[in-house]
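Rule-based calculations on the coordinates, nothing more; no lab input. Values in this document were obtained by computation on a predicted structure and should not be read as measured data. In this analysis, Cβ positions are derived from the backbone assuming ideal geometry, glycine residues included, and neighbour counts consider all displayed protein chains.
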Ligand SMILES: Nc1ncnc2c1ncn2[C@@H]1O[C@H](COP(=O)(O)OP(=O)(O)OP(=O)(O)O)[C@@H](O)[C@H]1O
Ligand code: SF4
Ligand SMILES: [Mg+2]
């Protein structure tokens, strides 16, 4: 594969579920690329379709009647519509997923070492002792103290942070090229969260792994991701290099998310700004821009059709009429700072 070929290339991914006698679009025309070794942040409020996007890519949506269209090329192989057997073979070996709650990955009745050994042996013909040596090495790589002994413990005997490390070790057990991490640090305290993010950043060097990092926390994205994709109500609101998106957001929703990040230094405001209102329910999205009911810059043009993505900087795009009209987004703080939760 040429050096600049994306590891994963997603185009026009759409996911709809049947409800009340019709198909309700949950994820609409999502496109992005992931380069080998890259960490891409997928960010958005609760219900924006982050997990549905990830689960669709992994072939893990089994709801009756679900419709998934578009394309997701992983190393040139089409994931959308791939037969379940082939997808199962890819999962764990080439693509792995970690979740917010490590308990969903581990069975309570076996030791974590046994479970990681089994994962290795499911994909490779190696002896039990070779698998265990690899498990211990992986736990060690993930910063688990006394890894040989930790491997003999049951999931409930480990702290939340150690369980999360063990889950990442299990996900990495077959050296996947892509790790999809769905809110992997939300349940952890700040110190442990920082350690796990550091671990994810180092995976590129230690295991050559790309990470699709799903979060609702722009602070996490700032610390970890080279590029950022902002989802709003199942659609891409903004996409670009993290530095540019943070310095010059092209979409009022991105600006609002950034205003809601607590300051790293200095006095913290008594209440953090939050975005007033809530995203629309997927079944009743407005005809035009889905953010219009909450947007301080909305005008009549916004209400007719969903705005397409337009370039707002080098490799940066936003789905908003303001840059398309040549109207720069007003300075962030004027738009949202007055709003409080
Ligand atoms: N199997 C399903 N059938 C029908 N609707 C679903 C299904 N799974 C998810 N949804 C709906 O899809 C929308 C997006 O859900 P999703 O779980 O992807 O959000 P999210 O961005 O991951 O949110 P969170 O930050 O809370 O995890 C929600 O409105 C949810 O109710
Ligand atoms: S298209 Fe209009 S309503 Fe939507 S974010 Fe841009 S200015 Fe606001
Ligand atoms: Mg989710």
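If R0 is 22 Å, the Cβ-Cβ spacing of residue 124 and residue 89 corresponds to a FRET efficiency of close to 0.95. Restricting to bridges with both residues inside the chain, how much of the DSSP beta-bridge set is antiparallel, in percent to the nearest 5? In the chain, DSSP labels about 60 percent of beta bridges as antiparallel. Quick one: helix 112-123 against the long Cα principal axis of the chain, what's the angle to the nearest 10°, folded into 0 to 90? Taking the Cα atoms of the chain, the angle to 112-123 is about 90 degrees. Modelled label positions at residue 5 and residue 154, each set 7 Å beyond Cα in the direction of Cβ, lie 4.7 nm from each other. Counted residue by residue at 0.36 nm each, then reduced by the alpha carbon distance between them, the extension gain from residue 299 to residue 67 reaches 80.2 nm.
Given their separation in residues at 0.36 nm each and the Cα-Cα distance between them, residue 310 and residue 20 gain 101.0 nm when the chain is fully extended. To the nearest ten degrees, helix 160-171 and the longest principal axis of the Cα atoms of the chain are 80 degrees apart.
Using the alpha-carbon atoms, what tilt in degrees (0 to 90, nearest 10) does helix 190-207 show relative to the longest principal axis of the chain? Roughly 70 degrees between the two axes.
Extension gain for the segment residue 207 to residue 246, taken as residue separation times 0.36 nm less the Cα-Cα distance, is 11.2 nm to one decimal.
The ellipsoid equivalent to the alpha-carbon distribution of the stretch 46-168 has semi-axes of 30, 18, 12 angstrom, derived from the gyration tensor eigenvalues as √(5λ) and listed largest first. Percent of Cα pairs in the stretch 156-260 per distance bin of 10 Å, from zero to the largest separation: 14, 43, 31, 11, 1.
The base-10 log of I(q)/I(0) for the chain, evaluated at q = 0.12, 0.13, 0.14, 0.15 Å⁻¹, reads -0.89, -1.03, -1.16, -1.29 [Debye formula, identical scatterers on Cα atoms, solvent excluded].
Each helix, a run of at least 4 DSSP H residues, gives -39500 (n - 2.57); summed and divided by the residues of the chain, these come to -9000 deg cm²/dmol at 222 nm. Between residue 137 and residue 278, the modelled label-to-label distance comes to 5.0 nm, taking each label 7 Å out from Cα in the direction of the beta carbon.
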